[in-house]
1. Going by the conditions given, is Met32 open to solvent by 60 Å² or more (accessible area, probe 1.4 Å), out of contact with any strand residue (DSSP E or B) (no Cβ under 7 Å at 6 or more places or on another chain), in a helix (DSSP H, G or I) and at pLDDT 80 or above?
2. Out of the residues in segment 1-29 that are more than 12 Å from the chain's Cα centre (by Cα), open to solvent by less than 100 Å² (accessible area, probe 1.4 Å) and of a type outside the set (S, T, N, Q), which is modelled with the lowest pLDDT?
3. Enumerate the pairs (first residue in segment 2-23 and over 13 Å from Ala46 (Cβ atoms) and touching a residue at least 24 places away in the same chain (Cβ under 8 Å); second residue anywhere and part of a helix (DSSP H, G or I) and not β-branched (Val, Ile, Thr)) with beta-carbon separation below 9 Å, excluding pairs fewer than 6 apart on the same chain, so at least 6 apart or on different chains.
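The values are calculated or read from the model by the stated rules, or taken from the named source; none is laboratory data. On a predicted model such as this, the values are computed, not experimentally measured, just so you know. No Cβ is skipped: glycine too gets one built from the backbone with ideal geometry, and neighbour counts run over all protein chains shown. Keep in mind that these areas ignore ligands, DNA and RNA; they rest on the heavy atoms of the full protein, side chains included. Shrake-Rupley method; radii C 1.70, N 1.55, O 1.52, S 1.80 Å.
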Amino acid sequence: MNKRTFLVGMGMGLMVGGAAMYAMRPKKPGAMRLVERTLKTMGDVADSVSELMGF
């Protein structure tokens, strides 16, 4: 499998997952906190994947 294809797929998956999590968020004033946690989690996942792949 091509590394670039894999990374593009991972990026698209993270974007779709983030959008889905944003769409299902509770309608409370703490929405920005949810976005912050989502972005932090997505960053952690991206760091882990890049670390595993040796980038």
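1. No, not satisfied.
2. Going through the qualifying residues, I end up with Pro26.
3. Short answer, once both residue conditions are applied: Lys3/Met53.
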